[in-house]
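The structure under discussion appears below in the form of structure tokens.
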Amino acid sequence: MKYQGEPKPIEYDPLTRAALEAQPELGPVHFQVSSGSHAKTNLLLNQHTSAEPVRYETLLPSELWGCARVLSQYFGRLNEIAVSKTTWELSGKAYPEEELTASSRLLRTEKRKGLSFALVETTTSTVSGTPLLKQLDELLLYHQAQEGWRYQEREVPDLEPFETSIPRTVYFRHSWNPEIWKNNIHTDEYARKWGYHQALPEFIMYLDWIFDAVYRQEQEKAFASQLDLPLILPVYEGDSITVRLQRLEQGFVVRLVKGEVTRLRGKVRLL
């Protein structure tokens, strides 16, 4: 692992198809989420909604996400990437200060419409090997994007019914200093280079918002669930959105809606 120290140097190794193909099995990486970090995640989750606050003693899905933790140990700061779609399976609970492990493996790389993608499977587990969160993340590799490519805005009208709606205001979990995070999609200049209005927030927070919405309906059942998100469109800091749930036989259709336009759509299946 080339980049084990903290803080990571400003210099990094860009993620490319070839770089990932050269190291298809990565990890395990050991990590802990501090009580202070968990408190901040809880605070932000409850600050940016008018819904009744819920304080989670257990780690939230964003805190269990292992993909970035693993890849950053090998490639440094994860610049020049974004998550284009994802499937997460939550199967257990973990707590602040608990020692956890994460391992990743490359399933495939491909090129579509001038863009390069990598499909990475990551499992976050207890130190005894019990799986907590399995993640299947498709990464968009901007370093190999076709010259001149720009994001073209898509508007998908939200015409589906919903039973539950939780208001939220989009925020950043971290501070992304462009002097430190070079070529990072969470900074304005780099995001605008690719046609976005401004910096893209961390997508892992969306998973917390969805988990929170499901938890408010299903309580403990939410800790054994699978979330599939094939559609993730940009939202920006300060946007007012709603998390909408429509019940299915074994779960929910979930959407993030801005105004009456869908920005994220997927399904939650209770296991």
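Summary table
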quantity	calculated
Cα centroid of the range 229-267 to Cα centroid of the range 117-143, whole Å	22 Å
In the range 68-182, lysine pairs with alpha-carbon atoms under 23 angstrom apart (chain gap of 8 or more, or interchain)	4
Per DSSP, loop trypsin sites (Lys or Arg not before Pro) in the range 85-125 with at most 10 further Cβ within 10 Å	113
Candidate aspartates and glutamates for bridging to residue 221, where Cα separation is under 13 Å - those fewer than 8 sequence places away on the same chain excluded	89, 212
Paramagnetic reach from residue 145 in the range 183-213 [backbone N under 19 Å; point 7 Å along Cα→Cβ]	183-204
Residue 16 long-range amide H proximity, modeled H, under 5 Å	none
Computed over the range 1-147: relative contact order in percent, which uses C-alpha pairs under 8 Å that are six or more apart	31 percent
Dipole magnitude of the chain about its Cα centre (Cβ charges: Lys, Arg +1; Asp, Glu -1), debye to nearest 20	480 debye
Gap separating the Cα centres of the range 144-169 and the range 35-103, nearest whole Å	22 Å
Proxy reagent accessibility, fewest Cβ within 10 Å first, across 43, 227, 270	43, 270, 227
Which of 156, 37, 75, positive extreme of dipole for the chain (C-beta unit charges)	156
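Any read-out appearing in this document is the output of simple, stated calculations on the displayed coordinates, not a laboratory observation. Since the model is a prediction, treat every value here as computed from it, not as a measurement. Please note: Cβ atoms are built from the backbone with ideal geometry, for glycine as well, and neighbour counts cover all protein chains shown.
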